Amino acid sequence: MDTRQLILELWASYWWLSIPFGFMVLGIIRMVVRGDIERKRLEVIKTYIDRGMDVPDALKRETF
Amino acid sequence: MEELFRSYWWLIFPVGWMIAAAFESFGRYHQRSGTLKLLKTYAEQGKEPPQALLDMLKSDEQRAYDYASSAYGGYDYKPHGARHSWWQIVTFGALAVGFGYYGQYGGGHEIFTALALAFGVAALSLGVIAAIRALFGSKRQNTYSDKDAE
């Protein structure tokens, strides 16, 4: 059995795996992106505190 | 190749949706990080940021709430779950009836009857949850009101 045929056969049996796998990839993207935004948000809060200014309410809640 | 497309063309829809969702994530990330960068610049210069810039950090849920309670909206905003449960029950119920009919009387494969059962159970469970929520749920509203949202 050549490789092409093997791939086609595997795909025919396990195509549905592409859906949970796709969701997993989406979940990972969201997690990474959200984590980075939270890190940046904390950085901005730190800038405010370092300068002795009031932190705006909009920065106090989750933003993503 | 053509045969592959004929068999799996419908996969374009879920996969396309996933690609769109990934783009949405990246777009939102870009917008949020740009806003935060600008806010940092304002803070470093010791200036008060404009309200419009702070408003850009709101989530869709907060935005929807603000719109609903504004002069344009003028209706009570309900949180995500409560808003959609009745539509979900109707949708799942309709799918159950359709698949059940096709599987039992329309000459469809048995898998359609199985799908009808699954959707039926989902509709029933959602119905029970919605009923419990309607009977015993707290009547809390204005969940997203805070100083900013005014």
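Computed from the coordinates by the stated procedures, all read-outs in this text should not be read as laboratory data. If you're wondering where the values come from, they're calculated on a predicted model, not measured in any experiment. Cβ atoms come from the backbone with ideal geometry, glycine included; neighbour counts cover every protein chain shown.
Given their separation in residues at 0.36 nm each and the Cα-Cα distance between them, B:PHE136 and B:GLN104 gain 7.7 nm when the chain is fully extended. The alpha carbons of region B:1-57 give a radius of gyration and a Dmax of 20.4, 64 Å, in that order. Modelled spin labels at A:ARG39 and A:LEU10, positioned 7 Å past Cα toward Cβ, are 3.4 nm from each other. Helix A:3-14 and the longest principal axis of the Cα set of chain A meet at an angle near 60°. Restricting the calculation to Cα atoms, region B:78-136 shows an Rg/Rh of 1.12 when the hydrodynamic-style radius is the Kirkwood one.
Averaging Cα coordinates gives a centre for region B:1-49 and one for region B:94-109; these two points are 38 Å apart.
Every pair of different Cα atoms in region A:7-46 enters the Kirkwood calculation, which places the hydrodynamic radius at 12.4 Å. When the charge dipole of the protein assembly as shown is built from unit charges on Cβ atoms (+1 for Lys and Arg, -1 for Asp and Glu) and taken about the Cα centre, the candidate among A:ILE45, A:TRP16, B:ALA96 whose Cα reaches farthest toward its positive end is A:ILE45. Each of B:SER33, B:LEU54, B:ALA20 was placed along the dipole of region B:20-63 (beta-carbon charges, centred on the mean Cα), and the one lying farthest toward the positive end is B:SER33. Relative to the Cα centre, the charge distribution of the protein assembly as shown, modelled as +1 at Lys and Arg Cβ and -1 at Asp and Glu Cβ, gives a dipole magnitude of about 500 debye.
Considering only alpha-carbon pairs that sit under 8 angstrom and 6 or more positions apart, the relative contact order computed for region B:78-136 is 38 percent. Annotation: the protein assembly as shown has a Kirkwood hydrodynamic radius of 22.0 angstrom, from the mean reciprocal C-alpha pair distance.
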